[in-house]
Amino acid sequence: MRKLISAALFAVLGATAAHASPVNLITNGSFENYTGTLNSSGWAHLGAAAIDGWTGDPNVEIQTQPTLGITPQDGLAYVELDTSLNASLSQTVTLDAGRYEFSFYYRPRVNNPGGDNNDLRYTALGTGVMAGGLIQGAPNPDFPINEWVQVAMDFAVGADNTDVTFSFFALGASGRGDGERCGNCGALVDNVRLAPVPLPAGIVLLLSAVGGFAALRRRA
């Protein structure tokens, strides 16, 4: 009987995909809450701690729809990390043991095929946690010009009360490039999300059944 239960559990694990919870553990993931005044074009370089929940280094640029006619993916604002220089943006979240999905929307600003002025690195780092990725050479078929594209990754946390820092780093070239009006502009980010990945309902029911069977065996 124990072998049959194990086989059934693995069958459910293999056949059922986990879906991330709608809960967002990131604070101010769409950058709507910030301190500062935007200029008439709808943007501003803000201080390192001007965006609620986030830290920028050395600063961060908030933009809204009037800037180049770019509509935010979510809400009223987004950030640009490669402006007059390469900037980074970080937020630390304390997580319990489990599996999580981290996602965000990315958009290249300038259309310079083969250029590197839209490059972006993203990371999730903490004790026992080391995940991340690199967006390079956009615009390209995966990240077309004038489109927001969602990027997602999942990772595991091994212990409760683990501080995990989520960061974005612009890697674009400085200065103007190949005739582009703004060769050092790019790496737009919006709608950052972090959610636990729950066990599929089928596994929860099966585990409950296994627990009940074990209790019956103990009584026998």
Quick one: what pairs do we get from region 141-155, first residue within 13 Å of Ala187 (Cα to Cα) and assigned to a loop (DSSP other than H, G, I, E, B), second open to solvent by 40 Å² or more (accessible area, probe 1.4 Å) and of a type in the set (S, T, N, Q), C-beta under 6 Å, 6+ apart or different chains? Ile145/Asn111; Trp148/Gln73
Residue identified as in contact (Cβ under 8 Å) with a residue 24 or more places away in the chain, open to solvent by less than 30 Å² (accessible area, probe 1.4 Å) and under 15 Å from Gly172 (Cβ atoms) among Ala124, Ala87, Ala77, Ala131: Ala87
Condition (residue is modelled with pLDDT under 95, open to solvent by 10 Å² or more (accessible area, probe 1.4 Å) and either β-branched (Val, Ile, Thr) or assigned to a loop (DSSP other than H, G, I, E, B) (or both)) applied to region 157-173: is it met by at least one residue? yes
Is there a residue being surrounded by 14 or more Cβ atoms within 10 Å (Cβ to Cβ), of a type in the set (Asp, Glu), at pLDDT 95 or above and within 19 Å of the chain's Cα centre (by Cα) anywhere in region 42-53? no
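Report yes if Ile51 is in contact (Cβ under 8 Å) with a residue 24 or more places away in the chain, under 25 Å from Glu147 (Cβ atoms) and in contact with a His (Cβ under 9 Å, 6 or more places away or on another chain), otherwise no.
Details: in contact (Cβ under 8 Å) with a residue 24 or more places away in the chain: yes; under 25 Å from Glu147 (Cβ atoms): yes; in contact with a His (Cβ under 9 Å, 6 or more places away or on another chain): no.
Criteria not met by Ile51.
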Failed condition for Gly114, given (1) surrounded by fewer than 22 Cβ atoms within 10 Å (Cβ to Cβ); (2) modelled with pLDDT of 95 or more, with all others met? (2)
Per-region count, region 62-74, residues open to solvent by 60 Å² or more (accessible area, probe 1.4 Å) and closer than 14 Å to His45 by Cβ: 0
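State whether one or more residues within region 3-24 are modelled with pLDDT of 90 or more and open to solvent by less than 60 Å² (accessible area, probe 1.4 Å). Give the derivation first.
Keep residues of region 3-24 that are modelled with pLDDT of 90 or more, which gives 23-24.
Then keep just the ones that are open to solvent by less than 60 Å² (accessible area, probe 1.4 Å); that gives 24.
Checked against the condition, which is being modelled with pLDDT of 90 or more and open to solvent by less than 60 Å² (accessible area, probe 1.4 Å), region 3-24 yields at least one hit.
The values are calculated or read from the model by the stated rules, or taken from the named source; none is laboratory data. As the structure is a computational prediction, the values presented were derived from the model and not from experiment. Note that we place each Cβ from the backbone using ideal geometry, even for glycine, and neighbour counts take in every protein chain shown. For the accessible areas, the whole protein counts, side chains as well, though only heavy atoms, and no ligand, DNA or RNA atoms are used. Shrake-Rupley method; radii C 1.70, N 1.55, O 1.52, S 1.80 Å.
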